[in-house]
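Written out below as structure tokens is the structure these notes cover.
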Amino acid sequence: MIDIVFNDAFARSLKYYYEQREIERQVISLPLFLGLGDIAQVNLLETRKTLLRIRNTHEPSGNSGTLYQMIVTGAADLQAAAAAGESLRIWWTDLPDDLCGFIWLCEELKGFKAPISMVHVPLTLTQGNTLYQLDSISDLTPPDFDNHHIFRLETQLTQETRLAYSNQWRALKRDNTPVRVVLNGHLLSQPIDFYDRFLLANLSRRQAVEIDEAISNTISFGPSGVPDWWYRHRIDYLVSNKVLAFQEGHHDRVGFV
């Protein structure tokens, strides 16, 4: 059994869970961020280079080259495993990056006869009389796998189901609008400025606001699954187009022009 995930932080948690229980299992991490950017090119992995460079610009600790190489290696390992008929298990949620990754993988694997299952992790979990809301699949900690019986959510992914989801991926690819979002349970293409409205709602017309604070509030009260580096990228764009004014200082601020 090989696990495939679309979030590197979640991959580390899953690996740690297996290590603690002395389970030998490969986890392939494919953080493709398919909710954002170009997906229409023949070589999809090449299109991720631009997006990873944007991410790297706003996450100094990140290394787009290393992350890209990890994705390339993971994709090659996945293809080899599927061709060899090894069992695969795909982890995903209804957040755009996970859902897009899942339907893309259904397209990639639609012709293989390898046994494939999936774990569709709900974004709301219960324990006793308490509700837990996930902002990302990476919010799952190793104890959560047992506390919330996550592995019981595994179901088989038939070839017919893979084909159905692959059709959805091809439709998104033809559209290729830069942002993909989940609205009322539907995966939809949206213009590149779709998330700007949530960011701008956390800025003041009276005074400039610290960028970190604005992004933190947007992530807390806006749509789940949007990385903070995307909002930083959009702030740069809005400043360069004189929609926002930038104030440099110990804590950089932005406000309406």
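Structural remarks
- Percent accessible area from carbon and sulfur atoms, segment 108-257, protein chains only, probe 1.4 Å: 49 percent
- Percentage of interatomic Cα-Cα distances in segment 1-113 larger than 16 Å: 61 percent
- Nonpolar atom fraction for segment 1-81, defined as the carbon and sulfur part of the 1.4 Å probe accessible area, stands at 48 percent.
- Relative to the longest principal axis of the Cα atoms of the chain, the long axis of helix 228-240 lies at roughly 30 degrees.
- Helix 211-221 axis, angle to the chain major axis (alpha carbon atoms, nearest 10°): 50 degrees
- Taking every alpha-carbon pair under 8 Å whose residues sit at least 6 apart, segment 175-257 reaches a relative contact order of 26 percent.
- About the centre of its Cα atoms, segment 57-194 shows a dipole size close to 520 debye [charges on the beta carbon of Lys, Arg (+1) and Asp, Glu (-1) only; nearest 20 debye].
- For the chain, the longest principal axis of the Cα atoms and the long axis of helix 8-20 meet at an angle of about 40 degrees.
- Spacing of the modelled spin labels on Phe198 and Glu210, each 7 Å from Cα toward Cβ, amounts to 2.2 nm.
- Aspartates and glutamates with Cα under 14 Å of Lys113, excluding same-chain neighbours fewer than 8 positions away: Glu86, Glu160
- Between Ala164 and Gln69, the contour length at 0.36 nm per residue exceeds the alpha carbon distance by 31.2 nm.
- Segment 158-257: trypsin sites (Lys or Arg not before Pro) in DSSP coil with no more than 12 other Cβ atoms inside 10 Å: Arg205, Arg206, Lys242
- Per-residue accessible area (protein heavy atoms, 1.4 Å probe) orders Val243, Val42, Val226 as Val42, Val243, Val226, starting from the largest.
- Solvent exposure of the chain as accessible area per residue, Å², 1.4 Å probe: 51 Å²
- In the chain, Cα pairs under 8 Å separated by at least six residues give a relative contact order of 18 percent.
- Assuming charge only on the beta carbon of Lys and Arg (+1) and of Asp and Glu (-1), the dipole of the chain about its Cα centre is about 640 debye to the nearest 20.
- Cα lying deepest toward the dipole's positive end in the chain, options Asn63, Val239, Phe10, charges on Cβ: Val239
- Listed residues Asp228, Asp94, Asp236, most fluctuating in the chain (Gaussian network, C-alpha, under 10 Å): Asp236
- Förster radius 22 Å - calculated FRET efficiency between Asp94 and Thr155, Cβ distance, rounded to 0.05: 0.90
The values are calculated or read from the model by the stated rules, or taken from the named source; none is laboratory data. Computed from a predicted model, the values in this text were never measured in an experiment. We place every Cβ from the backbone using ideal geometry, glycine too, and count neighbours over all the protein chains shown. The accessibility values were calculated without ligands, DNA or RNA, using every heavy atom of the protein model including side chains. Shrake-Rupley method; radii C 1.70, N 1.55, O 1.52, S 1.80 Å.
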